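Heads up: the structure comes next, in structure tokens.
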Amino acid sequence: MTEQEMTALLDRLIENWEDEVVEFKEAGAGYSLHSIGKYFSALSNEANLRALPRAWLVLGVENKTRRVKECEFGKEPGRLDGPQGLKMQITEGTDPSVSLVDIHELHHPDGRVLLLEIPAAPRGTPVAWQGHYYARSGESLVALGLDKLDEIRNQGLSDDWSAVPVADATYDDLDEQAITKARQGFYEKNSLKYTEEEVNGWDLRTFLDRARLTRKGVITRTTMLLVGKELSAHLLSPYPAQLVWKLLGEEQGDEIFYPPFLLATNRLYARIRNVLVDVLPQGELIPRKVPKYVDKSVLEALHNCIAHQNYRLNGRVVVSEYVDRLVFENRGNFFEGKPEEYIDGKKTPSQYRNLQLVTAMREVNMIDTQGYGIHRLYMEQRKRYFPMPDYELGSDYVRMTIFGHVVDPAYSSLLIRRTDLNLDDVCLLDRVQKNLKIDARAVAHLRQEGLIEGRVPHLHISAQLAALTDQKAAYMKKKERTGAHYRGLLIDYIGKFNGLTRAEINEYMLEEIRGDLTEREKLTKIGNLLTYLRRKGDIYNSGTDTKPLWKLTDKARNALLVKETCQ
């Protein structure tokens, strides 16, 4: 947001002044993070109750005069109150952990102003600050009343598949080993709030409620998916609760895994053949050994499938293992935005298909809900010099591929040598190595940075980088020759045999033409070369239209003799 846009926003907020979803504070010296946290909870809850996407807390505006006054908060030396620091502290203090959408810092003529953009509380889940729920009553900050608390908690029970109670299910249908692991995961996620002794000391109902695995002691579909016994999975019928692993290629195999998914994901991961592979840049004697797959990345991808699956479509989560890649597939469209919007880790989802399931998985440390998962997947692939993940989005499915091999050695060598490349450029170069389309602006940017050469769509790494990464041979194989070079080859070839058929020309030239061209594109190029030479008067067809026999004209033959004599 530009300074001009922030100024216009501030003017609109001041003009309308305070209501339950906008609060102004002078935030002078001594204003505390705790005060911000309480208003964060209140404004987030009020935005939820009014079905608004966000609320605003404005620091640096005097309440009585409505005038901008320098915001002192965060200016003390040594405080971690910059935008990212403040976001992190808010996230750690709220329950469930909710991140600010953004913090806009405006350098107004009358002083510094911070505009905190606060997301509405998730449907069905009120937001607490340090264990207390807050709300607004007019301009006053008050405790969230039981009526409002129940209103929020009862939201979405009908449209959240994962929050529906499971008839006939009892605590005897829950897996003890999964409960033990859930307690450990909950403690690891909430170690700043609770001790391990506290978590292990809670009775079963208290723990399940606090971990969002149940609602007021009621067992839901979320409970059964994550910690239900395998033999009790039939209670979820007619919806299949299954994870499928398939081994494809020369060797084949498959296995189905059932709840509790908290344990099943690790059992499925154990079936994947994860070995160390060598990444050996040309010019280096010692190979770099890296794992084919990173366990956290595989589990992150699998957990995301479980969290975002549209279970109403009666599908299963499927993991297909090929010799060089893993493909994860879940039913349902990509629920909010596009995968590329999450690559830099800055986008936070504002809603979820399975809210209780996502919340519980976060509480037991299976996933995060801040949008960092995809970012971590990309960073892990970069660390191992492998291609970036690929997404295929359908109307009722999402497929994500994690590569376990090198596609283009030049690309991997580039990542090893050029650690200064930002993630955006790495992703663009990844599309280049896979011969995928990138827009004109991205092509121009990579050319300007000296990273690529070639003509669209046949791009490749530049000669400068090929030399830097010891990929000269690979570069020359992809480097397109000039038209003059290929015309010279044709004239020499036709002259040597005193005439050639088109089939003979094709057989020779298909091997000679370089660059990332398909066979069809190469044949078109050969036809264009023959047309050019015919029109120039260097060759003629002494055969028929259907069975051409190309020969050199006297002019071209004489020129070829002169060339050979000079050599």
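Condition test on Leu393, is it of a type in the set (A, V, I, L, M) and surrounded by fewer than 17 Cβ atoms within 10 Å (Cβ to Cβ)? Yes: the conditions hold for Leu393.
What single numbered condition from (1) assigned to a loop (DSSP other than H, G, I, E, B); (2) at pLDDT below 85; (3) surrounded by 13 or more Cβ atoms within 10 Å (Cβ to Cβ); (4) of a type outside the set (S, T, N, Q) fails to hold for Gly543? Going through the list (1) assigned to a loop (DSSP other than H, G, I, E, B); (2) at pLDDT below 85; (3) surrounded by 13 or more Cβ atoms within 10 Å (Cβ to Cβ); (4) of a type outside the set (S, T, N, Q), Gly543 breaks only (2). All conditions in (1) assigned to a helix (DSSP H, G or I); (2) β-branched (Val, Ile, Thr); (3) in contact with a Ser or Thr (Cβ under 9 Å, 6 or more places away or on another chain) hold for Ile179, with the sole exception of (3). Does Thr7 count as over 19 Å from Ala121 (Cβ atoms), in the same structural domain as Ser137 (by TED's automatic domain parsing) and modelled with pLDDT of 85 or more? When the stated conditions are applied, Thr7 passes them. Find all pairs meeting these conditions: Cβ atoms under 7 angstrom apart; at least six residues apart or on different chains; first residue within region 131-154 and farther than 20 Å from Ala51 by Cβ and in contact (Cβ under 8 Å) with a residue 40 or more places away in the chain; second residue exposed (fewer than 12 other Cβ atoms within 10 Å of the Cβ) and of a type in the set (D, E, K, R). Within 7 Å, no pair qualifies.
The numbered conditions (1) in a helix (DSSP H, G or I); (2) modelled with pLDDT of 90 or more are all true for Trp245 except (1).
Taking region 383-400 as the range and being in contact with a helix residue (DSSP H, G or I) (Cβ under 6 Å, 6 or more places away or on another chain) and more than 20 Å from Gly332 (Cα to Cα) as the test, the residues that pass are Tyr385, Pro387, Met388.
If you check Glu197, Glu255, Glu230 for being over 32 Å from the mean Cα position of the chain (by Cα) and free of Cβ contacts under 8 Å to residues at least 60 places away in the same chain, only one passes: Glu197. Region 366-444 holds helices (runs of 4 or more DSSP H) entirely within its bounds, and those carrying 1 or more residues that are within 17 Å of the chain's Cα centre (by Cα), at pLDDT 80 or above and closer than 24 Å to Arg273 by Cα map to 372-383.
A residue that is in contact with a Pro (Cβ under 9 Å, 6 or more places away or on another chain), at pLDDT below 85 and in a strand (DSSP E or B) occurs nowhere in region 58-72. Considered as a group, the residues in region 269-297 that are surrounded by fewer than 21 Cβ atoms within 10 Å (Cβ to Cβ) and under 19 Å from Val318 (Cβ atoms) include one that is modelled with the lowest pLDDT, and that residue is Asn274.
Results for (1) over 30 Å from Asp278 (Cβ atoms); (2) in the same structural domain as Glu117 (by TED's automatic domain parsing); (3) among the small types (Gly, Ala, Ser), shown as yes or no for each residue.
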{"position": "Gln309", "(1), (2), (3)": "yes, no, no"}
{"position": "Arg312", "(1), (2), (3)": "yes, no, no"}
{"position": "Ser320", "(1), (2), (3)": "no, no, yes"}
{"position": "Asp324", "(1), (2), (3)": "no, no, no"}
{"position": "Glu329", "(1), (2), (3)": "no, no, no"}
{"position": "Glu336", "(1), (2), (3)": "yes, no, no"}
{"position": "Tyr342", "(1), (2), (3)": "yes, no, no"}
{"position": "Lys346", "(1), (2), (3)": "yes, no, no"}
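Taking the listed residues Ile306, Ile343, the one that is among the β-branched types (Val, Ile, Thr) and at pLDDT below 90 is Ile343, with no other qualifying. Does region 17-33 contain at least one residue that is modelled with pLDDT of 85 or more and part of a helix (DSSP H, G or I)? Within region 17-33 (the criterion being modelled with pLDDT of 85 or more and part of a helix (DSSP H, G or I)), the answer is yes, since at least one residue qualifies.
Would you confirm, using the coordinates I've provided, whether Arg481 is part of a helix (DSSP H, G or I), within 48 Å of the chain's Cα centre (by Cα), basic (Lys, Arg) and modelled with pLDDT of 50 or more?
On the way: part of a helix (DSSP H, G or I): no; within 48 Å of the chain's Cα centre (by Cα): yes; basic (Lys, Arg): yes; modelled with pLDDT of 50 or more: yes.
In short, no.
Picking from residues in region 77-95 that are of a type outside the set (D, E, K, R) and surrounded by 18 or more Cβ atoms within 10 Å (Cβ to Cβ), the one that is modelled with the lowest pLDDT is Leu86. Within region 200-227, the only residue that satisfies the criterion of being free of Cβ contacts under 8 Å to residues at least 12 places away in the same chain and of a type in the set (Gly, Ala, Ser) is Gly201. Within region 304-314, being crowded, with 19+ Cβ neighbours inside 10 Å and either touching a Ser or Thr at 6+ places or on another chain (Cβ under 8 Å) or part of a loop (DSSP other than H, G, I, E, B) (or both) holds for Ile306, Gln309, Tyr311. Taken residue by residue, region 156-176 has no member that is assigned to a strand (DSSP E or B), touching a strand residue (DSSP E or B) at 6+ places or on another chain (Cβ under 8 Å), among the polar types (S, T, N, Q) and buried (at least 19 other Cβ atoms within 10 Å of the Cβ). For region 499-523, a tally of residues being surrounded by 12 or more Cβ atoms within 10 Å (Cβ to Cβ), not basic (Lys, Arg) and not in a loop (DSSP other than H, G, I, E, B) returns 11. When the criteria are applied in full, Ala121 fails the requirement of being at pLDDT 80 or above, of a type in the set (Gly, Ala, Ser) and outside any loop (DSSP other than H, G, I, E, B).
The values are calculated or read from the model by the stated rules, or taken from the named source; none is laboratory data. Here the structure is a predicted model, which means the values were calculated and not measured. Neighbour counts run over all protein chains shown; Cβ positions are idealised from the backbone, glycine included.
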